[in-house]
Amino acid sequence: MSAGVGDTVDLANPGGKRAGIPITSAAVGDTVLVKKSRYGYPISSAAVGDTVLVKRVNGKLVGVAGGGESDILTDIDIRTDMYAEGIVATPSGDIIQVWAGQIVTPPTAYVKIYSSSGRFKRKFGSYGTGNGQFNVPQCVAVDLSGNIYVSDLYNYRIQKFTSAGQYLLQWGSNGTGDGQFSLDVAGIAVDSDGYVYVVDRDSQRLQKFDSTGHFITKWSLDPSSFGCTVSPTTGNIWVVVIGHSRMDEFTPTGTLVSSWSSGLLYYPYTIAFDSENNIYVADKLNYRIQKFTEHGTYLGVLWGTPGDGDGQFNMAVHVTVDKNTNNVYVGDTENFRVQQFTPTGTFIRKWYSGR
């Protein structure tokens, strides 16, 4: 019979003739869920109990169903590594990254903190519904004191932690009322006064809270809004409108101040400011990063092509800037890694979820 959501596929000894989709890290004997991922990969024709052969091809681990040339798992998402989700640079220059492995067995979710050079410092969180647990953490923000805020997608909530990862509090539930969130709890940002802004995407609104989660106000957004950030000079809130390749600027009370778009962009997801108030855009479906002034003037700086080499991306979804150095960090989502660049796009280093 055909595989369904929740079924498992066994990973057997390395072998096989042809490359399937990248696995990147899979131990012999592991099992993985066969299901439709949040990125929309379809379930195809893998049979329950099929053997997936793990083989290294051109430096990558790939899967082949049953070893037969007609059984290649080219359109089933069986990756066992962690998606590189939201990323933010702290005032001290550390890099905080949320990782989500909702399609592995068992599902996994956590937050990792690295130095600016990618040295692992600490990790907190796990998969679940309890305090300090996550069900697909998606975006992350920090306040000026270093406290960490995480949008917890399928738990319909925001969680707050100390800079060391100690759980402090949470707010939110499933719904459309004030302080509630519907399916897609997306971008999150914190201003210099400690107010927290959350893009409640499915409810087509932005909600504003104080630092303890008390609801302040809300305003309407375009249905395809996702990422948000705060200008370091004006304190205004910037929201990325994916479907129109547009940046909308609001005052902290929700008044639309400006809006600009660019034909150079194709499904941008998130933006980040540097210390000079320039904007870096994660241009997802162009597989690149682009740099603009806050008024939308293209600055002639872009980098990235599709792929998994240094400076290449497989979905450049999340971007942040360390304002101490203006170095740029990109959550290279489906390459399961973070890449670091100079302000002009020169590759510096990378690290992976397992690091």
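Every read-out reported here was derived from the displayed coordinates using simple, explicitly stated rules and does not represent laboratory data. Just so it is clear, the structure is predicted and the values come from calculations on it, not from any experiment. For neighbour counting, all protein chains shown are included, and Cβ atoms are generated from backbone atoms with ideal geometry for every residue, glycine included.
Which value in nm describes the separation of the simple spin-label points at H244 and T297, placed 7 Å from the Cα toward the beta carbon?
Result for the modelled spin labels: 2.4 nm.
Just to be sure I understand: if I project the alpha-carbon convex hull of region 116-210 onto a plane and average over all orientations, what area do I get in nm²?
Working: hull surface 24.5 nm².
That works out to 6.1 nm², a quarter of the Cα hull's surface.
How far is it, in nm, from the label point at S231 to the one at T212 when both lie 7 Å from their Cα along the line to the Cβ?
It works out to 3.1 nm between the two label points.
Rounded, prolate or oblate: which one fits region 140-268, using the alpha carbon gyration tensor with axes a ≥ b ≥ c (rounded when a/c is under 1.5, else prolate when a/b beats b/c, else oblate)?
Numbers: a/c = 1.71, a/b = 1.38, b/c = 1.24.
Prolate shape, in that a/c is at least 1.5 and a/b is the bigger ratio.
Quick one: compute the contact order of region 226-296, relative version, from alpha carbon pairs under 8 angstrom and 6+ residues apart, as a percent.
Values: 154 pairs, mean separation 16.8, N = 71.
Value for region 226-296: 24 percent.
At most 15 other Cβ atoms within 10 Å and a DSSP loop assignment: could you name the chymotrypsin sites (Phe, Trp or Tyr not before Pro) in region 195-299 that fit? Write out the running numbers ahead of the final one.
Working: sites: Y195, Y197, F209, F215, W219, F226, W238, F250, W260, Y266, Y269, F273, Y280, Y287, F292, Y298; in loops: Y195, Y266, Y287.
Within region 195-299, the qualifying chymotrypsin sites (Phe, Trp or Tyr not before Pro) (loop, at most 15 other Cβ atoms within 10 Å) are Y266.
Averaging over every viewing direction, what projected area does the convex hull of the Cα atoms of region 229-355 cover, in nm²? Please report the intermediate quantities before stating the final value.
On the way: hull surface 30.2 nm².
Orientation-averaged projected area of the Cα hull: 7.6 nm².
Would you mind getting me the FRET efficiency between Y352 and T253? Use the beta-carbon distance for r and R0 = 45 Å, nearest 0.05. Walk me through the intermediate numbers first.
Working: r = 41 Å, r/R0 = 0.92.
Using R0 = 45 Å, I get an efficiency of 0.60.
Between N324 and D193, what's the calculated FRET efficiency when r is the beta-carbon distance and R0 is 22 Å? Round to 0.05.
Numbers: r = 22 Å, r/R0 = 0.98.
The formula returns an efficiency of 0.55 here.
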